[in-house]
Every structure is written in C-alpha cells, then in structure tokens.
Amino acid sequence: MCNELALKDNYPTQYNLFGIYVDWQIDNNLIQGLGVDPHGITSFSDFMEKSRWQIVTVAFAGREMLSLNLTLPKFRLLEMLKIKIQKVNKNNLTVRDATRLMDKYKQKLSLPIFDIVEYYMSNIPWNLTDRSVINHHPNVLMIDESFFNKRIIVKVMTKDGYERITSANDILDGKTDENECLIDPTHYSDETSYEMERYWSDKLGIPVLGEDEEIDFTYKYSNS
C-alpha cells in the first residue's frame, strides 16, 4: 500500500490515467470479484509496468499534438476516446519510460501535449464497455439479467443549489429522470452503489448527497 501511495504522489497524471482504466474495469464488471482482468492489472503498480505504452502524434482540433497511449489487447485508450493517431513515435514502453521520453519528443518535434485526463474529464464517455471482454467472461452477464433493485450513479442539484453525487433506485437500461445527470450507468447492488458514490465523489470533486439535503426535483439537466 505504501508503494502505491508513493507512486500516486510521484506520478499524479499517470494515476489519473489509471483511474480511466478502473472506469473501464467497472463498466466491464471486472472488479468487486465479478470477473478477472484480462491484462492482469489489479493495482497501479501493474498498470505502470505494462510495456504497452506509446508516445504518439495525434490529430486534435485541427492541429498535431503529442500524447501517451496505452494499447492493451482489450483496451486501446485513444481509440476508445476516438482520438485519431497520426504517427507512433515510440512503442512498447512502460509508463515510466514513456513519461521520461515525452519531454524529449516535445522538444524534438515542437508539438504541444494533448492532455488525455483533461479531455476525458471534460468529455466523460458514460460507458467504456468492450463487448469482447464481456463475451470472454460470460458468467458476469448474470449481474445484468435483472435490473430491479439495482442502482446507478447520478448527479443531482439540491434545493440549496449545490450539485451532489447519489445513486438512483430501480433504473432500467440506464435511464434517468430529468433532474438527474447520468454519471455511471452500471447497475450496482445497494452496498456496492454506496462505494461507487464515494469513488465518483472523489473523482469528480462533488460531495455525496447528505442525509439532511433535499433534491431539487424541478431542476433539469440538459443532457439527461
């Protein structure tokens, strides 16, 4: 655990990238004992040591930029985010080596850095599910056979005008009410949903809805 915390402090951006990978694990029911990660990644240390990182040139907003990319058999980060790769500058790196070499390529190619984390947080894909992973672990589909009494994670507005994270009951197919903004469409048991409320609260910097706070059911989210 101490090693994980040290890595988090020394590699904050990379730790946020690990958070994106964890999102993908969640969407594919590969955590909480529901399935086995196909890449053998169960910790930030595992994530750092995979020699599947690239330094790439991408096309974004009409210009070329440098970026890190992770290419695992079931998880290809930039492809999932629909960012076009123009050129692979360096391949088969650990994340440490890729981070070290990024400044070198930035100077050599005189290109700005494309911030994957910033892009992801501004354009969060609500579901990173790769059906090929689910099909590889057919038993985990059992969790989705019935959606009743399951919960999904949403953002709501309180009557005092503050956004909060909470979970909604008895949701079918990830649908939400107008006063809810969908954060995580995966259907969780009650107990797991409370854990996920805390996870998304930390990730998005929005507090969990307090027991003494009332939801403003008249508030409408434009993307609901």
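The values are calculated or read from the model by the stated rules, or taken from the named source; none is laboratory data. Please read these numbers as outputs of a predicted model, since none were measured by experiment. Because the Cβ atoms are built from the backbone with ideal geometry, glycine has one as well, and the counts that use them run over all protein chains shown. Heavy atoms of the whole protein, side chains included, go into the accessibility calculation; ligands, DNA and RNA do not. Shrake-Rupley method; radii C 1.70, N 1.55, O 1.52, S 1.80 Å.
You will find that of 129, 99, 42, the residue that is of a type in the set (Val, Ile, Thr) and loosely packed, with under 15 Cβ neighbours inside 10 Å is 42 and no other. Segment 30-115 holds helices (runs of 4 or more DSSP H) entirely within its bounds, and those carrying 2 or more residues that are touching a residue at least 12 places away in the same chain (Cβ under 8 Å) and over 17 Å from the mean Cα position of the chain (by Cα) map to 44-49, 95-109.
Flag: residue 88 does not match the condition of being farther than 30 Å from residue 176 by Cβ, touching a strand residue (DSSP E or B) at 6+ places or on another chain (Cβ under 6 Å) and at pLDDT below 90. From the list 196, 157, the lone residue that is open to solvent by less than 40 Å² (accessible area, probe 1.4 Å), of a type in the set (A, V, I, L, M), over 22 Å from residue 22 (Cβ atoms) and at pLDDT 75 or above is 157.
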